[in-house]
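Read through the structure below, which is laid out as structure tokens, and then see the notes.
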Amino acid sequence: MSTDSTGDYDGPVTEEISVTVNGETVTAEVEPRLKLSDFLRNECGLHGVRVGCEHGVCGACTVQQEGRTVKSCLSYAVQADGMEIETVEGLAEDGSLHPIQEAFHETHALQCGFCTSGFVMATKELLEENPDPSREEIETGLADNICRCTGYQNIYEAVERAADRMEGGE
Amino acid sequence: MSEQESVTDRVFGSSVERREDRSILTGVAEYTDEKLPDAAHVAILRSQYAHATLESVDVDQAENRDDVVAVFTGADVEESGIPNDIPTAWSLPGLVTPQYRIIATDKVRHTGDAIAAVVAEDRYAAHNALGDIDVTYDRLDAVTEPDEAVDSDVTVHEEAPDNVAFDFTIGDADAVSEAFSAADHVTSVDLEQPRIIPNAVEPRAAAADYDPDSDDLTVWMTSQNPHLHRMLMSTATLGHPEHKLRIVAPEVGGGFGSKIYHYPDEAITAWCAKQLGRAVTWQATRREGYITDCHGRDHVTEAQLAVDTDGSIRGLRVETHAGLGAHLSQFATATPSYLYATILSSEYDIPAIHCRVIGAFTNTTPVDAYRGAGRAEGIYVTERIVDAAASELGMDPAEIRRTNLISPDEFPFETSVAMVYDSGEYETAMDRALELVEYDELRDRQRELRDDDRYLGIGIANFVESAGLSPSKAAGELGAAAGGWEAGVVRFHPSGTVTVACGTADQGQGHRTTFAQVAAEELGVPLEDVDVVEGDTDAVPQGMGTYGSRSGPVGGGAIATSARKVVEKAKRIAAHSLEASVDDVEFDDGEFSVVGAPDRSVTIQEVALEAYLGHDIPGDAEPGLEATSYYDPENFTFPFGTHVAVVEVDPETGEVDLQTYVAVDDCGEQINPMIVEGQVHGGIAQGVGAALYEGAVYDDTGTLVTGSMNEYALPRAHQLPDYETDSTVTPSPHNPIGVKGVGESATIAAAPAVVNAVVDALEPFDVDHLDMPLSNERVWRAIDAATEGDS
């Protein structure tokens, strides 16, 4: 929005963007200051993008932009114009969980679940870049995400299990 | 536990996968912020200063913005005539209870105090408008430390000129004096337990919808105890009739205590909805959470242990200044008094204990129960001072503990601080932990490494937790303003499936899975035929909520009690159908049969149908098949165990490398070992976080320096070791399902285990204590001080 010096409302300045979200093109008029996280949650209805800290530390809002993870609370929707975004909602196919989601479930790698979307997306990038990571590489690969419930050990096991399964042919 | 995967065909006790996971993993699970997407947004102006008089609050410019719906101040709230006083839920003798308004009027006492609330069309607009509110402050000096507060010139509340809210004592002071006179040796430790910021990853949130025609007010919120929130909002803040107020806790993203309390924010949100007659929603920003979510701990303690040269403990004396923050939150008084002082005996037979706690107001965020609440602080004191005594006596830390353990034949064991421990096999768990960590070999290795100037440390922490809050009558006698029961409903449907409702409220613990296991086992029905409802005051009759490791023992106890009532009624109907006497009918695995004539049988599902048809049931029976129980535990439950941490300290940098962590927990019967292990993992991480990384820091002005995730060090994946966990099973003799609870245990044990390990590593430098967090700098300075002049 724009306001003059007295605070009077002068109508919002908006920009049209077109973003491919989970394979579908979404066109919207957005304010330049709209965070990508809020665009995905409020304009696209993708609540799996969780907002935990809004200052780029917790990683709950992690999504993939052009195949690379970004913390969507730290970028603006206008920066994603013309790009492809994938959120956790895009992973399960025909009602079947993605192998990463499946592994998180089987190894009890989530409790309250608020950080889970971000961990799943961070794991996806990690395994795309390194299909057979060592424990240390997993720890480093997930160091941008905070989980307060699990103590991480079951998350490592989920990543290892997912890696085994995805190596075996997704 | 991982090596003991259950092979039983019982549903209770097996690691069934969680039914909560799928909606979370696919992103469709709805937390509070998803509940009213079209609502107007509330943003709350917090105080710029930790302590100031409010001279004026000018909201005109903010109100004039086109995208702002309304702006409200403390005066507006006062004028509305609501009760407007967030209460403490636990009274202590002489307690000072100043009014805690939902929006400040004349004075602000910490930086989280609300000064005004903006309602705007969206969240961005609401936050923008905060900057247009003009507040004139008359700034006052601030006090932040509890021990300094009692001698300070700063007065937080006029009602407490010395900032003392309460001065609590427990135990026999004369007996302790005698013990100290008689003992061979006295060990003293002065220690501080810094504030912990709970940091549930989901920020607190509330969304409120009001229908003026019906007077129905619905509030979705991040709550660990929706019924408690309903009662407090009805009676203490909003004055809205309790039967017209519905609280819903949808998916809740972690709590660890911080979502127990009634904060101003949900009351402000609901009050705005009523004022405006439209739906409004509020979600804390993370920085807002840091200054408003209740913190934990904040103790400054002087402790002395009277001990004989053979390691026998004669007495313990503790004096603690506990920071309460600027306002009394609900359990701010109970946590550092009855939840703290009564656990100081840990696993030991300590004949005389005396504890004094001075609760002090400071210009800081209110302090209340955080995972381990009181028990964590108490066990930390005892486990630290026992280690210090061992060091001074030249004893092995394991041996001094073994010398003083309460033995299995002494239960029920009454401590000298008013607890009656229910059951325990302390030495068995301790031996298992020492065996797993290879204790003797580690001690050998420690000696060898020291010759190479490498510093390995081994830290043991035993613990007992008073869990399952709590027997109502006992709590009432000690000052509680609430009961400690839990409500559980078990209802068969005519087709034979079952709905369970419980007054607890999950924030990640997996109740929908574990409570279904409890009911399915009791009723002998398939697990998938049981659904669990929680977190909605319209769907659950009453409830006390989830905290204090109570959901398993007390919620589970309520569900089992109701299931047993259902089986009893079903048995009468079955006997009627089978034309047998009730005494001749037995129930096993969902089937009623006549003793000695097993072909004469009927399933509980068939009985359920008959109960709802009502065509052919005993003449004195009502139709229907359901039961509600208010299970009131006869005692606390007492989980226990031994944790061992192994660290290596780099003397050049002070860096602590936590290499091994072994946890042996006994939480009684385990409903779901996978979930128990998960609770232990998470608990360890929080205890390790406190020991090594966390700790809130205020500056002298009362500004929270560690005010966001950028400054406050939450442990990350690479900062935690692999945990090796195991368990023993000593059922609680008085709990209906033998469960003791596990939510807080590991957090209680982990901090002293890690600190003991670091202090043990530094023994060659004559370091006898270090306060948490054991940052590289703090450890390095201790080593540097000890070696000054050596280099």
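Under the condition of being of a type in the set (Asp, Glu) and more than 7 Å from every other protein chain (Cβ to nearest Cβ), which residue from the stretch B:666-723 is surrounded by the most Cβ atoms within 10 Å (Cβ to Cβ)?
B:Asp666
Pairing each residue of the stretch B:488-501 that is assigned by TED's automatic domain parsing to the domain that holds B:Gln517 with any residue that is polar (S, T, N, Q) and surrounded by fewer than 19 Cβ atoms within 10 Å (Cβ to Cβ), provided the two are 6+ apart or on different chains, yields C-beta distances under 6 Å for B:Val489/B:Thr628; B:Arg491/B:Thr499.
Hey, can you tell me all the residues within the stretch B:255-307 that are in a loop (DSSP other than H, G, I, E, B) and under 30 Å from B:Ser177 (Cα atoms)?
B:Arg297, B:Asp298
Among the residues examined, A:Val49 does not qualify as within 11 Å of another protein chain (Cβ to nearest Cβ), assigned to a strand (DSSP E or B) and among the β-branched types (Val, Ile, Thr).
Of all residues in the stretch A:100-119, count the ones that are within 7 Å of another protein chain (Cβ to nearest Cβ), farther than 14 Å from A:Tyr152 by Cβ and out of contact with any Asp or Glu (no Cβ under 8 Å at 6 or more places or on another chain). Matching residues across the stretch A:100-119 total 2.
Just a yes or no: is a residue in the stretch B:57-64 touching a Ser or Thr at 6+ places or on another chain (Cβ under 9 Å), part of a loop (DSSP other than H, G, I, E, B) and either within 10 Å of chain A (Cβ to nearest Cβ) or under 30 Å from A:Ile155 (Cα atoms) (or both)? Within the stretch B:57-64, one or more residues are touching a Ser or Thr at 6+ places or on another chain (Cβ under 9 Å), part of a loop (DSSP other than H, G, I, E, B) and either within 10 Å of chain A (Cβ to nearest Cβ) or under 30 Å from A:Ile155 (Cα atoms) (or both).
Being more than 27 Å from B:Arg402 (Cβ to Cβ) and modelled with pLDDT of 95 or more narrows it down to one residue among B:Thr342, B:Thr309, B:Thr301, B:Thr335; which is it?
Exactly one of B:Thr342, B:Thr309, B:Thr301, B:Thr335 is more than 27 Å from B:Arg402 (Cβ to Cβ) and modelled with pLDDT of 95 or more, namely B:Thr335.
Of the residues making up the stretch B:66-82, those that are of a type in the set (A, V, I, L, M) and either within 15 Å of B:Gly277 (Cα to Cα) or more than 35 Å from the chain's Cα centre (by Cα) (or both) are B:Val68, B:Val69, B:Ala70, B:Val71. Only one entry of B:Pro226, B:Pro161, B:Pro194, B:Pro212 meets the criterion of being of a type outside the set (Val, Ile, Thr), surrounded by fewer than 24 Cβ atoms within 10 Å (Cβ to Cβ) and in the same structural domain as B:Arg109 (by TED's automatic domain parsing), and that entry is B:Pro212. A Cβ distance below 7 Å, combined with a sequence gap of six or more or placement on separate chains, defines the contacts here; from the stretch B:391-414, residues that are among the charged types (D, E, K, R) reach residues that are surrounded by fewer than 18 Cβ atoms within 10 Å (Cβ to Cβ) in the pairs B:Glu392/B:His185; B:Arg402/B:Glu427; B:Glu414/B:Val420. Within the stretch A:77-99, the set of residues being in contact with a strand residue (DSSP E or B) (Cβ under 6 Å, 6 or more places away or on another chain) and more than 12 Å from chain B (Cβ to nearest Cβ) comprises A:Ala77, A:Val78, A:Ala80, A:Asp81, A:Met83, A:Glu84, A:Ile85.
For the stretch B:165-210, a tally of residues being away from every other protein chain (no Cβ under 14 Å) and touching a residue at least 12 places away in the same chain (Cβ under 8 Å) returns 32.
If you check B:Asp33, B:Asp76, B:Asp67, B:Asp21, which single one turns out to be more than 30 Å from B:Gly254 (Cα to Cα) and within 12 Å of chain A (Cβ to nearest Cβ)? Checking each option against the conditions leaves just B:Asp67.
Just name the residue that is farthest from B:Gln509 (Cα to Cα) out of those in the stretch A:65-113 that are hydrophobic (A, V, I, L, M, F, W, C) and in contact with a Pro (Cβ under 9 Å, 6 or more places away or on another chain). By that ranking, first place goes to A:Val78. Taking strands (runs of 3 or more DSSP E) that fall entirely within the stretch B:163-240, which contain at least 2 residues that are farther than 30 Å from B:Val307 by Cα? The qualifying strands (runs of 3 or more DSSP E) are B:164-171, B:205-211, B:216-221.
Applying the set (1) at pLDDT 95 or above; (2) among the aliphatic types (A, V, I, L, M); (3) over 26 Å from B:Val11 (Cβ atoms) to B:Val664 leaves exactly one unmet item: (3). Residue check: is B:Val554 among the aliphatic types (A, V, I, L, M) and either at pLDDT below 95 or touching an Asp or Glu at 6+ places or on another chain (Cβ under 6 Å) (or both)? Spelling it out, B:Val554 is indeed among the aliphatic types (A, V, I, L, M) and either at pLDDT below 95 or touching an Asp or Glu at 6+ places or on another chain (Cβ under 6 Å) (or both).
Note on the stretch A:10-50: among residues that are over 12 Å from the mean Cα position of the chain (by Cα) and among the hydroxyl-bearing types (Ser, Thr, Tyr), the one that is modelled with the lowest pLDDT is A:Thr14.
Between B:Pro633, B:Pro553, B:Pro623, the distinction of being assigned to a loop (DSSP other than H, G, I, E, B), crowded, with 19+ Cβ neighbours inside 10 Å and either among the charged types (D, E, K, R) or under 42 Å from the mean Cα position of the chain (by Cα) (or both) belongs to B:Pro633 only. Applying a threshold of 6 Å to beta carbon distances and a minimum spacing of six or more residues, or different chains, the list of pairs starting in the stretch B:214-228 at a residue that is free of Cβ contacts under 8 Å to residues at least 40 places away in the same chain and ending at one that is assigned to a helix (DSSP H, G or I) and surrounded by fewer than 23 Cβ atoms within 10 Å (Cβ to Cβ) reads B:Asp215/B:Lys244; B:Asp216/B:Lys244. Residues in the stretch A:52-76 that are part of a strand (DSSP E or B), within 13 Å of chain B (Cβ to nearest Cβ) and either touching a Leu at 6+ places or on another chain (Cβ under 8 Å) or free of Cβ contacts under 8 Å to residues at least 60 places away in the same chain (or both): A:Val63, A:Tyr76.
When each of B:Val28, B:Val42 is tested for being in a strand (DSSP E or B) and either touching a Ser or Thr at 6+ places or on another chain (Cβ under 9 Å) or within 14 Å of another protein chain (Cβ to nearest Cβ) (or both), the lone residue that passes is B:Val42. Here B:Ala746 meets the list (1) among the small types (Gly, Ala, Ser); (2) in contact with a helix residue (DSSP H, G or I) (Cβ under 8 Å, 6 or more places away or on another chain); (3) within 17 Å of B:Pro633 (Cβ to Cβ) almost entirely, failing just condition (3).
Of the numbered criteria (1) away from every other protein chain (no Cβ under 14 Å); (2) among the basic types (Lys, Arg); (3) surrounded by fewer than 22 Cβ atoms within 10 Å (Cβ to Cβ); (4) in contact with a His (Cβ under 7 Å, 6 or more places away or on another chain), the one B:Arg109 fails is (3).
The values are calculated or read from the model by the stated rules, or taken from the named source; none is laboratory data. This structure is a prediction, so every number in the text was calculated from the model and none was measured. When we count neighbours, we look across all protein chains shown, and the Cβ atoms used for this are built from the backbone with ideal geometry, even at glycine.
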